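The values are calculated or read from the model by the stated rules, or taken from the named source; none is laboratory data. Here the structure is a predicted model, which means the values were calculated and not measured. So basically every Cβ, Gly included, is an ideal-geometry build from the backbone, and we count neighbours across all protein chains shown. Accessible surface is based on the protein model in full, side chains and every heavy atom, while ligands, DNA and RNA are left aside. Shrake-Rupley method; radii C 1.70, N 1.55, O 1.52, S 1.80 Å.
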Amino acid sequence: MTPNRPRKPPSSPSTNPRLLSQTQKTLGKIANSAVDSADKVASTRTPDTLVETGSSTLDALQRYGKSRLLGRWGMMRAGFLFRIFRYIPYSVLMVAPFIREDMKRLIRTWKRRKSGQTPLPETAAPTPESEAEARLKAAMQEQRSPYPRYRCPEHPLTCSQIRQAPTAEGDVSRCQQCGFPGLLPENSELRGRRGRYRVERFLGGRGLGRLYAAQDVNLRQPVVIKEYLLPGQHFNPNEQRLTRNTFETIAGLKLADGREQDFRLMEPWDSMGDLHNPDRCYLITRGPVDTYSTLRSSLSQQGPLTPRQVREVLNQALQTLESLHGQKYMLPAGQIQNGLIHGNLNLDSIVMLPDADSYYEQPQLLVFLRDLAVWESLFIPPPAPINIPQVKDDLVALGQVGFYLLVGRWTDAYGRRLKPRSPKVWPKKDPPLEQYLRQLLTFEEPTFESAAEARRALLNLPFPPEHIPTPSIAAAAVEPTRTRRFPIWVWLLLLGLLGLLGAGLLGWWLSRRQAIASQPPALCCVAEVPAAPPGQFTYTAERRGTWDPLWNIKNLVIQGKTLEQVLEEQQPDLDLQLILTPTGQAAIDQVLQDMADFAVVALPGDRPTDLTLAPIAYDGLAVFVAFSYIERDQGLPQHLQGQISLEQLRQLYTGDIRNWRQLGGPDLPVKPYLPTQPELIRVFEQRVLQTPAVIQRFRRQWGLETQQTAANPASFPPSPEPAAINGTPPTSVKILQDILHDFESNPKIGSIGFASLSQIYSQCSIYPLAIAADDEPAVQALYREDSGPISPAVDLCGDKGNYRPKQSLFANQTYPLAYPIVVLYRRDNSRLSIAPTFVQMMTTDEGQQMLSKTGLVPLRDRQTQAE
C-alpha cells in the first residue's frame with residue numbers, strides 16, 4: 001500500500017513554472033489575435049475609403065499609420081502592465097481606482113485654495129467671457145468622453161492638443177494624436193439662414209458640443225455658436241448626411257401663433273450644417289446668456305443650496321415646462337408640434353443668471369432651460385438607444401436635479417453617482433420639500449401627471465417653522481455683485497414722495513369712509529325694503545329692449561314666475577304697470593312729460609340734466625363670430641387671435657372691409673349681421689361709430705331710414721325705427737341661427753354680428769371677441785371662474801357654466817362696449833315717488849342676484865354681496 005504523501009499547496013503563477021508557461025502562451029495568443037484584429041481594422045481603412053469620407057489622401061495615410069502604431073503600442077502597454085500587476089496583491093488592486101480619484105480630488109482642492117489665496121497682479125479684472133470659459137472647461141473635465149473610439153487622454157471636446165493643432169488652409173484642424181476634429185479657426189465665418197457669423201474665440205465644451213464667442217456680421221450683435229460634431233470613427237458618411245439634414249429641419253422653435261412670449265427657454269436664433277466639413281453642425285443663440293453659470297458649476301463653487309432656493313429653481317423650471325408641454329410650436333421646416341418634451345434636463349442644461357435691472361443687494365434669479373433633446377439626441381454616437389421622452393421623464397429629471405441641489409453634490413466620495421433611493425443621503429433640512437422631490441422621482445405616491453399639477457403642489461408646500469428666508473439663489477449662481485449706493489439727496493427725495501403718497505392715501509381713505517358712512521347699507525332681501533307707497537304707478541321701458549323680456553317672461557328668475565310676480569309677492573302693496581315705448585328716447589320723454597313715474601333704459605351716453613339717475617345693473621354689446629372647438633385652428637377666432645378693434649368694426653359695418661384677408665384672416669368674404677333692437681343700434685352708434693358722419697354713412701350702407709325729429713341732446717342723428725332695416729331683420733336669436741347656418745352650410749363666408757351680452761354669453765357655438773379701443777389693449781368681457789379670460793383655445797361648450805362676465809370690467813367701464821341699465825325719474829317733493837323704492841328693491845342682494853340670473857351684470861360682485 002502506497003504511503004500517504006503530504007499534499008502540496010496550489011502554486012501561484014509566479015512559483016509554478018508550468019502554469020507560468022501556460023499563462024504566457026495564452027497571453028501570447030491574445031496579443032497575436034489583438035494585433036491581427038488591429039491589422040484587419042487598419043486594412044479596411046484604405047486611402048480610397050478615407051478619401052470617400054472627405055479626407056485628403058495624405059491625411060488618410062497618416063491616420064492609417066498612426067492607428068497601427070497606436071494599436072501595437074496599446075498591446076505592448078497591456079503586456080507590460082500585466083507583468084507588473086501580477087506581483088501586486090489583489091486587495092491593493094481593488095482600492096487603487098478609489099485612491100486615484102481621491103488624490104485627484106485633493107489636488108484640485110489644493111489648486112483651488114492656492115489660487116484663491118495668491119494675490120492677483122495689478123491688471124484688469126477677468127472678463128465675463130474668460131470666467132465663462134473657465135466654468136465650461138471645469139465642467140467638461142468631470143464628464144466622460146462620449147467618443148470612446150478616440151483615445152484622447154483628456155476630454156476630446158476641450159483637449160489641449162486640439163488647441164495647439166495647426167490649421168490647414170481651407171480646412172479646420174484635427175488633433176495630431178487621435179485625429180479628433182479640431183477647433184474652428186478664429187475670424188472664420190459661418191453662413192446660416194439668417195446671417196453670417198464670425199468666430200472670435202473658443203469658450204469650452206458643453207454636452208455634445210463646443211461653444212464659441214462670435215459676432216453677427218450683419219446685425220453687429222454678440223452671439224454664441226454651439227458646434228456639434230459627427231466624428232468619422234462614430235458616424236459613417238450616410239449617417240452624417242442624414243443627421244445634418246434632420247438637424248437643419250428641427251433645430252429651432254417658435255410659437256405657432258407667432259406670439260413673442262418669454263417663458264425662459266433658450267430659443268435658437270439660427271441653425272445650419274457645414275457644407276465644407278460634413279462632420280459639423282452649428283446652433284446659434286443670441287447674446288451672452290448661453291455662457292452663464294450652470295447648476296453644475298454653481299454646486300462645484302458654492303455647495304448645496306438652501307431649501308428656499310431649491311424651491312425657486314423648481315418653480316421657474318416647472319413654469320417653463322408647463323409652457324413647453326402645453327403650447328403649439330412651429331419648427332424651422334414649418335411643422336406644427338403640439339407641445340414639446342425637453343428630454344434633456346440635467347445640471348448642465350439649466351442656466352442661471354441675475355436680473356440686471358435688480359436694485360437689490362442680492363440679485364434676483366432667472367432660470368433658463370436649453371439644449372432640448374429633440375436636436376441634442378441627434379449627435380449621440382450610434383448605436384444610440386431609441387427613447388421617446390414623455391412628460392414624466394421631464395418631471396423625474398427635474399426631481400433628480402432638485403435632489404442634487406439640495407444635497408450639494410452629484411457623486412459620493414468614490415466618484416459614484418448619488419442614488420436618491422437611499423434615505424441616508426437626504427439632508428433632512430426641509431421634510432415637505434424632500435417628500436415632494438421623492439414624488440417627482442416617482443418614489444412615493446401620489447405622483448404628478450403634468451408640470452402644471454407639479455407646480456401647484458410645489459406652491460402649496462408648507463415651509464418648516466424654523467426656516468428663515470434666505471437671499472435669492474442668484475447669489476450662488478453668479479459672483480457677488482457690488483451693492484448700488486445712492487447719494488443722500490435721492491433717499492430724501494424718496495422719503496418725501498412716500499410722505500406725499502401716504503398723505504394722499506390717508507385723505508382718500510377718510511373721504512371713502514365718510515362716503516360709505518353717509519350711504520345706507522345695502523339690504524339683504526326685497527322684503528326688508530320699506531313698504532311701497534300706496535297707489536298704482538306706471539313706468540316705461542323700450543319695447544324689445546333689455547328690460548322688456550326681463551319683466552314679462554317667466555322662468556328667468558324663478559321657475560314659473562316673472563320678475564313682476566316675484567316682487568309683488570315680496571311687496572304686496574307694490575302696484576306697477578309697465579308701458580312699452582318704441583324707443584328709449586320715447587320712454588325718457590314719458591317721464592319728462594309726467595306721463596310715467598320712472599323709466600328703465602340702457603344709457604350708453606350722458607343722462608338728461610333734469611332727471612335723476614340710479615343704476616341697477618350693467619350690460620354690454622358682444623361682437624361675435626361662429627365658433628367650433630373641434631375646428632378651432634381654422635376658425636375666425638383663431639385667425640383674429642380672439643379680438644377685434646373698434647376701428648375694424650367701423651370699417652366692417654361701413655363697407656370699407658369686405659374680405660377677412662384685409663384683417664389678417666382667411667380669404668373669405670365678410671357677411672355682417674345687424675340686430676333690429678333700436679337700443680342695440682343706438683349703443684353701437686354711440687360706442688363704436690361715434691361721429692355723426694360715420695353714423696350717416698353706416699345708415700346709408702344698411703338702408704336705415706332716419707326720422708327728422710327734434711334735436712338730439714348728443715347732436716347724433718335720431719335712432720332708426722325697427723321696421724326701417726332692409727327685409728326682415730333678425731332678432732338676437734335669429735342672428736345666432738343665421739351665423740351658425742352660414743358656418744355649417746357655406747364655409748366660404750365669414751359672418752359676424754353683435755347683440756347684448758346678457759342674451760348671448762351662455763351660447764357656446766359663437767365666440768364673443770375681445771374689444772380693443774383705439775390705442776388700448778383688447779379687453780375680453782368673459783372670464784373663467786378658475787383662471788383668466790376665455791380664449792379661442794377654450795372649449796366653450798365643455799366649459800359651459802364656468803365663465804361669465806367679469807363685474808369689475810363693467811363697473812369701471814374698462815370693457816369698451818359696457819353700459820349701465822338705469823332708472824330715470826323726476827325728483828318732485830310735491831308727489832309720491834315709487835322710483836327710489838324700486839331702485840332700493842333692485843339693489844338689494846336678492847334683487848342683484850335676480851338680475852344676475854337674467855344675464856345682466858350686477859352692481860356688486862358675489863364676494864361683496866356675500867359679505
Which value, in Å² and to the nearest 10, is the accessible area of Ser511 when all protein chains are kept and the probe is 1.4 Å? 60 Å²
With every protein chain in place, what's the accessible area of Glu189 (1.4 Å probe, Å², nearest 10)? 80 Å²
Once Arg201, Arg83, Arg700, Arg210 are ranked on solvent-accessible area with the largest value leading and a 1.4 Å probe, the list reads Arg700, Arg83, Arg201, Arg210
Computed E for Gln737/Gln651 - FRET, C-beta separation, R0 25 angstrom, nearest 0.05: 0.45
Where Rh denotes the Kirkwood radius from the mean inverse Cα pair distance, what is Rg over Rh for the range 407-448? 1.00
Amide H proximity to Val223 below 5 Å, modelled H, separation 5+ or other chain, gives Ala214, Gln215, Asp216, Gly287
Please give the length that would be gained between Arg700 and Asn245 if that part of the chain were fully extended, namely 0.36 nm times their separation in residues minus their C-alpha to C-alpha distance (nm, one decimal). 157.8 nm
For Val625, what residues show an amide H to amide H distance below 5 Å, using hydrogens built from the backbone and excluding near sequence neighbours? Tyr767, Leu769
Please list 3J(HN,Hα) in residue order for the range 308-322, calculated via the Karplus relation 6.51 cos²θ - 1.76 cosθ + 1.60 where θ = phi - 60°; whole Hz, with x for glycine and proline. 5, 5, 4, 4, 5, 5, 4, 4, 5, 5, 5, 5, 5, 5, 4
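How much net charge surrounds Asp656 when only the other residues with a Cβ under 13 Å from the Cβ of Asp656 are counted, with Lys and Arg +1 and Asp and Glu -1?
+2
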Quick one: if you stick a label point 7 Å off each Cα along the C-beta vector at Trp509 and Ala793, how many nm between them? 4.1 nm
Cα radius of gyration and Dmax for the range 267-426 (Å): 17.5, 54
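Using the Cα gyration tensor of the range 185-263, with a ≥ b ≥ c the square roots of its eigenvalues, what is the shape: rounded (a/c below 1.5), prolate (a/b larger than b/c) or oblate (neither)?
oblate
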Output wanted: per-residue J couplings in Hz (rounded whole) for the range 292-299, from phi through Karplus 6.51 cos²θ - 1.76 cosθ + 1.60, θ = phi - 60°, x for Gly and Pro. 6, 5, 8, 5, 5, 5, 5, 5
In nm, the gap between the two label points placed 7 Å beyond Cα toward Cβ at Val490 and Arg198 is 3.7 nm
Would you give the gap between the C-alpha center of the range 260-334 and the C-alpha center of the range 413-435, rounded to a whole Å? 26 Å
Mind listing the long-range amide H neighbours of Leu523? Cut-off is under 5 Å, sequence gap 5 or more, other chains count too, H placed in the peptide plane at 1.01 Å from N. Asp845
On each of the three principal axes of the Cα atoms of the range 726-800, give max minus min coordinate, whole Å, ordered largest first. 41, 33, 26
For Thr814 and Phe443, compute 0.36 nm times the residue count separating them, minus their Cα-Cα distance, and round to one decimal in nm. 128.6 nm
In Å², nearest 10: area of Cys159 left accessible to a 1.4 Å probe: 0 Å²
